[in-house]
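Written below as structure tokens is the structure these notes are about.
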Amino acid sequence: MQLTTIALPFLLLVSTSTLITPQTAPPVAPAPAVATQGGSFTIDDVHSCSLFRVHHSRAGQFWGRFNTISGAFTLSPDTTKMAFDVTIAVESVDTGNERLDGHLKSPDFFNVKEFPSMTFKSTGCAKNADETFALTGDLTIHGVTKSVTATIEVTGWGFDGGRGARAGAEARFKIKRSEFGMSYGTDTGALGDETAIIIGLEGTAA
């Protein structure tokens with residue numbers, strides 16, 4: 001009985017210390033060499049989106065987004081190898097309001113039935129002083145193609161749980177929507193003409 005009485009606290013102490021012993025953290029995958037060498041990536045639609053912003057009624061800045069993006073991009077220290085080929089499904093426009101989404105899909109704006117997608121295909125690239133890139137390419141919206149220059153920021157490199165290398169990039173640029181055949185509301189001031197666009201991309205190694 002005496003032995004049991006003495007041993008019990010000792011066993012509890014050992015048991016408790018075992019429970020609170022910190023667990024060894026799982027090994028972290030090494031940073032992929034692609035982070036310095038560049039690489040080609042297939043766009044991950046789940047973790048990518050396109051945002052747009054336009055002035056509404058000369059008052060607030062109104063935001064919307066497109067949820068479905070496909071294509072590929074290549075990142076490289078050699079700007080001649082930088083390339084982006086992006087397709088956005090216009091049907092995926094999302095403002096958080098079904099009625100407004102329906103209007104944006106109509107002939108007043110994107111005319112989804114006739115022009116189901118918009119595309120951007122890069123044609124050239126130069127490096128800026130702040131480590132971003134000036135990416136020039138052909139933007140096609142509403143059946144109209146124009147050359148635009150976007151500021152590209154490489155947002156990071158990663159490794160996804162054994163599924164391979166990942167990379168991210170963000171593009172920012174502005175257009176006048178009237179130049180793409182969408183002038184609805186510009187004459188009354190209901191909507192501004194200048195539209196800011198942000199495209200956030202994440203891709204998996206191709």
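The values are calculated or read from the model by the stated rules, or taken from the named source; none is laboratory data. Given the structure is predicted, the values throughout are model-derived calculations rather than measurements. Using ideal geometry, Cβ is built from the backbone for each residue, glycine included, and neighbour counts are taken over all protein chains shown.
Laid out as a table, the results:
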{"quantity": "Those residues of region 121-143 which are within 19 Å of GLU91 (Cα to Cα) and loosely packed, with under 13 Cβ neighbours inside 10 Å, in sequence order", "calculated": "GLY143"}
{"quantity": "Matching residues, region 146-162, being under 19 Å from ILE69 (Cβ atoms) and either surrounded by 14 or more Cβ atoms within 10 Å (Cβ to Cβ) or not β-branched (Val, Ile, Thr) (or both)", "calculated": "VAL148, ALA150, THR151, ILE152, GLU153, VAL154, GLY156, GLY158, ASP160"}
{"quantity": "Complete set of residues in region 58-100 that are surrounded by 17 or more Cβ atoms within 10 Å (Cβ to Cβ) and farther than 20 Å from ILE43 by Cα", "calculated": "GLY64"}
{"quantity": "Filter pass, ASP44 being among the acidic types (Asp, Glu), loosely packed, with under 14 Cβ neighbours inside 10 Å and either in contact with a Ser or Thr (Cβ under 7 Å, 6 or more places away or on another chain) or modelled with pLDDT under 95 (or both)", "calculated": "no"}
{"quantity": "Conditions (1) at pLDDT below 95; (2) of a type outside the set (Asp, Glu); (3) closer than 20 Å to VAL144 by Cα: number failed by PHE66", "calculated": "(1)"}
{"quantity": "Per-region count, region 184-203, residues at pLDDT below 95 and closer than 21 Å to THR119 by Cα", "calculated": "0"}
{"quantity": "Failed criterion for MET118 (all others in (1) assigned to a strand (DSSP E or B); (2) surrounded by fewer than 16 Cβ atoms within 10 Å (Cβ to Cβ); (3) not acidic (Asp, Glu) hold)", "calculated": "(2)"}
{"quantity": "Complete set of residues in region 160-206 that are in a loop (DSSP other than H, G, I, E, B) and either in contact with a Pro (Cβ under 6 Å, 6 or more places away or on another chain) or among the basic types (Lys, Arg) (or both)", "calculated": "ARG163"}
{"quantity": "Residue within region 157-180 that is in contact with a His (Cβ under 6 Å, 6 or more places away or on another chain) and over 19 Å from GLY38 (Cβ atoms) present", "calculated": "yes"}
